[in-house]
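Scroll down for the structure; my scribbles are underneath it.
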């Protein structure tokens, strides 16, 4: 083989490798969803931003089911006196007393797990759950609202958003199920339902509930089910 032929083969190999690398790079960049969602429930508004990448669960080219992973930022907003319930492990201490906060302002950043199923060519059903992450936000004043309707100032009246979120029912979590409709190659509209957990922590709380039991638990939670709607850019 002449020197000229060797150079030609080398050039062809480099070109082939470059083409394969570009092809792999493009495949990695495909199947990304960039979403903006509004969630509305009684007394609460929650805008969200998320990024997800989906992977086929079958080697078939036109597989309908995909698994995805991603990240979601959730901002939870509510007005005065949104009810929060005490989270207790002792059933004897459980009660219907609630806590009212000046307002709810929680920012959470969580990783998420997602499923995507194509019903027909443009219509899909999708679901996702938060797995683990962090939360932050300003501290809020709180008061105890007893079963008889009377209010009691809480001794430790400052609550802060739970800083750690985990799928094991702790912290601030956002879960969705919705239909999406792809009205052009890149854009989808979504409509469905969300289940939101919002949690605040108190420092060393001690108080008596309506039945007279002494409660020392430091976690309070609000759970909300609402309507979600938004747009998704598919790449």
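The values are calculated or read from the model by the stated rules, or taken from the named source; none is laboratory data. Predicted model, so just to flag it, every value in this text is computed and none were measured. We place every Cβ from the backbone using ideal geometry, glycine too, and count neighbours over all the protein chains shown.
Observations, loosely collected:
Yes/no matrix, rows are residues, columns are (1) modelled with pLDDT of 95 or more; (2) within 23 Å of residue 103 (Cβ to Cβ); (3) assigned to a strand (DSSP E or B); (4) touching a helix residue (DSSP H, G or I) at 6+ places or on another chain (Cβ under 9 Å):
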residue: 154; (1), (2), (3), (4): no, yes, yes, no
residue: 157; (1), (2), (3), (4): no, yes, yes, no
residue: 168; (1), (2), (3), (4): no, no, no, no
residue: 179; (1), (2), (3), (4): yes, no, yes, no
residue: 190; (1), (2), (3), (4): yes, no, yes, no
residue: 193; (1), (2), (3), (4): yes, no, yes, no
residue: 200; (1), (2), (3), (4): no, yes, yes, no
residue: 227; (1), (2), (3), (4): yes, yes, yes, no
residue: 230; (1), (2), (3), (4): yes, no, yes, no
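- Condition check for residue 85: at pLDDT below 90, surrounded by 15 or more Cβ atoms within 10 Å (Cβ to Cβ) and in the same structural domain as residue 159 (by TED's automatic domain parsing): yes
- Scanning region 181-188 for any residue that is modelled with pLDDT of 70 or more, buried (at least 19 other Cβ atoms within 10 Å of the Cβ) and not in a strand (DSSP E or B) turns up nothing.
- Counted residues, region 202-212 - those being in a loop (DSSP other than H, G, I, E, B), surrounded by 17 or more Cβ atoms within 10 Å (Cβ to Cβ) and modelled with pLDDT of 70 or more: 0
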